[in-house]
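Reading through the structure tokens given below for one structure.
The values are calculated or read from the model by the stated rules, or taken from the named source; none is laboratory data. None of these values were measured; they are calculated from a predicted model. Don't worry about glycine lacking a Cβ; one is built from the backbone with ideal geometry, like all the others, and counts go over all protein chains shown. The accessibility values were calculated without ligands, DNA or RNA, using every heavy atom of the protein model including side chains. Shrake-Rupley method; radii C 1.70, N 1.55, O 1.52, S 1.80 Å.
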Amino acid sequence: MSTLVVQSEQSPEIVSYDPATAEEIGRVPLTSPAEVARAVERARVAQPAWAGLSFKERARVILKAREIMLAQLEELATLISREAGKPVSEAMSMELVPTLDAMHYFSHHTAALLQPQKIDIGQYGLMGRSSRIVYKPMGVVGIISPWNFPLATPAEEVVMALMSGNAVVLKPSELTPLTALKIGEIFTHAGLPEGLLEIVTGDGSTGAALIEARVDKIMFTGSVATGKRVAEAAAKHLTPVVLELGGKDPMVVLEDADIENAARGAVWGAFANSGQACASVERCYVHESIAPQFLARVLADTQALRQEVGTREDTDVGAMTNERQLRIVEDHVSDAVERGAKVVTGGKRSSNLSGYFYPPTVLTNVDHHMTIMRDETFGPVLPVMTFKTEDEAIRLSNDSVFGLTASVWTKDIARGRRLAERIEAGTVMVNEVLYTHGIAQTPWGGIKESGYGRTHGRMGLLELVTPRHIHVNRISFLPDLWWFRYDPGAQKLFQGLATHFTSGSLMKTARLLPQMIRRLFAPRV
Ligand code: NAD
């Protein structure tokens, strides 16, 4: 049990539990579709005035919220830890640090990133024309978020959406609603005008209602199955969607990698957040020549991890956030074992802890027939396979319906970059793992079934605005060459445009000048 809908006196409520202790930590309303529609309406009313403010004025509110967040660091990290099961240290390093960084970055840089842009329009420019792109807010952005990073995932998108002049309606996961309400509280205390950040707590039905309420953009982060439902529902209203979905992220360790560091990277990349990160290392391919040393290091580092309730200061790995996910992990491991995988460490639900604890698990003798190498496990399991050649490593990495992130480990950076470009994923890291969601400047998003669209960085901001093309003709007293009326002379000139003007050569176009002048100044009737 990790969440439950209960009927209170007047209306249904969602109960949030601590997955490490099964203790109830709070209740929130299950927002009805009618209430969701009212929240969207309030956001719609509030948005134009907010969009009318300067970037600096908007940034003032975000930076104030940042100050408040900083003042509540420990309280927030503890709440995240209790609601999601992760260690307080991880709530700090993987949620608060990137959120605070994004608040700083987007407050100071959104104006420059969304500056109007002049477009080079070639020879049309010589005819007194110019084109610019200006970026306008979408309006009301609906954010639907999962439970694995209950602060960072929604808060960073909230910041980007607000900075680009939108209002936001946030539907957080039913498993972690209290953290989302905290985000709302912080922005309210920072002086964000009413209606600009509406938080509608609830389950899938609430998310569906948000799409039905016809927001102007949906930023969805969650599973592939729900992502497909979201895309389908949004298509009914032609609402654009960004889909940040699951992953089965490969880690490729080449024979010239720093074995010790690659092993540490694999252990953190697979077990941080109990493996419940879309960019977790979900499968590891190590060159056969270094596999014994690599595995020995991985085993030693894994067995040294302390698994305990997240609120203990020395906890490395906390509880998983919910039972459903834990069962998926158990199913994947037992399927692998039945098909011949070897459990090197872990492999069975921890019996000395009462919450949803699954021990960090390392498997060998795995292959791509096993579910554990194909479907998203989203838990603390590291299956390790060997390879003989670069080509084989690339083929195995790309043998997946997912394409979120991947990593290549080598001391030869040029080789790393070369291989990185051959791996099908939205982000490929060389000698790094998992963390680039935390970089505010770089785009985040996947290919294949990992979704489409981007969040973070300039590309992420561009998802939250509509580009408007403004085209100006400075020569307001002359008609265009291609306007009415048509006659044999016009036809000849158009032929000339087809052969000369479209060649891009100024010299060739210049040969048409006499015809152009004749046509421009020809009598109208
Ligand atoms: P989920 O798909 O079950 O739920 C995500 C959100 O969608 C929740 O808020 C849920 O209430 C809502 N929802 C459910 N049904 C809905 C519907 N029909 N219409 C609208 N909203 C609906 O995912 P989850 O279990 O919360 O999260 C885990 C998944 O998220 C994993 O697959 C993970 O890989 C993925 N994820 C991806 C990223 C990324 O950036 N690519 C980041 C974090 C998590």
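Counting only residues that are closer than 18 Å to Ala279 by Cβ and crowded, with 21+ Cβ neighbours inside 10 Å, the range 385-415 holds 10 of them. Taking every residue in the range 256-274 that is among the acidic types (Asp, Glu) and pairing it with any residue that is modelled with pLDDT of 95 or more, at least 6 positions away or on another chain, the pairs with Cβ-Cβ distances below 7 Å are Asp256/Thr410; Asp256/Lys411; Asp256/Asp412; Asp258/Lys411; Glu260/Arg297.
Pairing each residue of the range 224-243 that is β-branched (Val, Ile, Thr) with any residue that is within 12 Å of the ligand (Cβ to nearest atom) and assigned to a helix (DSSP H, G or I), provided the two are 6+ apart or on different chains, yields C-beta distances under 6 Å for Val224/Glu449; Val241/Ala231; Val241/Ala234.
Where helices (runs of 4 or more DSSP H) sit wholly within the range 203-290, none has at least 3 residues that are hydroxyl-bearing (Ser, Thr, Tyr), farther than 22 Å from Glu157 by Cα and over 20 Å from the mean Cα position of the chain (by Cα). Taking (1) touching a helix residue (DSSP H, G or I) at 6+ places or on another chain (Cβ under 6 Å); (2) over 22 Å from Lys342 (Cβ atoms) in turn, Gly222 satisfies each apart from (1). When Gln325 is tested against (1) at pLDDT 95 or above; (2) over 26 Å from the mean Cα position of the chain (by Cα), exactly one condition is not met: (2). Condition check: in the same structural domain as Ala155 (by TED's automatic domain parsing), touching a helix residue (DSSP H, G or I) at 6+ places or on another chain (Cβ under 6 Å), open to solvent by less than 20 Å² (accessible area, probe 1.4 Å) and more than 16 Å from the ligand (Cβ to nearest atom). Does Leu210 satisfy that? No; evaluated as a whole, the condition is false for this residue.
Taking the condition at pLDDT 95 or above and in contact with a strand residue (DSSP E or B) (Cβ under 9 Å, 6 or more places away or on another chain), does Thr466 pass? Yes; evaluated as a whole, the condition is true for this residue.
Under the condition of being open to solvent by 10 Å² or more (accessible area, probe 1.4 Å), within 20 Å of Val6 (Cβ to Cβ) and outside any helix (DSSP H, G or I), which residue from the range 172-198 is nearest to the ligand (Cβ to nearest atom)? Only one residue tops the list, namely Glu174.
Across the range 500-525, the number of residues qualifying as touching a residue at least 60 places away in the same chain (Cβ under 8 Å) and either assigned by TED's automatic domain parsing to the domain that holds Tyr124 or surrounded by 14 or more Cβ atoms within 10 Å (Cβ to Cβ) (or both) comes to 2. The helices (runs of 4 or more DSSP H) found entirely in the range 11-120 that carry 1 or more residues being among the charged types (D, E, K, R), touching a helix residue (DSSP H, G or I) at 6+ places or on another chain (Cβ under 8 Å) and modelled with pLDDT of 95 or more are 55-71, 73-84, 97-113. The criterion of being touching a Phe, Trp or Tyr at 6+ places or on another chain (Cβ under 7 Å), at pLDDT below 95 and more than 26 Å from Lys217 (Cβ to Cβ) holds for Ser2. When Ala420, Ala425 are screened for being assigned by TED's automatic domain parsing to the domain that holds His287, among the small types (Gly, Ala, Ser) and in contact (Cβ under 8 Å) with a residue 24 or more places away in the chain, only Ala425 passes.
When Thr364 is tested against (1) within 16 Å of the ligand (Cβ to nearest atom); (2) open to solvent by less than 40 Å² (accessible area, probe 1.4 Å), only condition (1) is not met.
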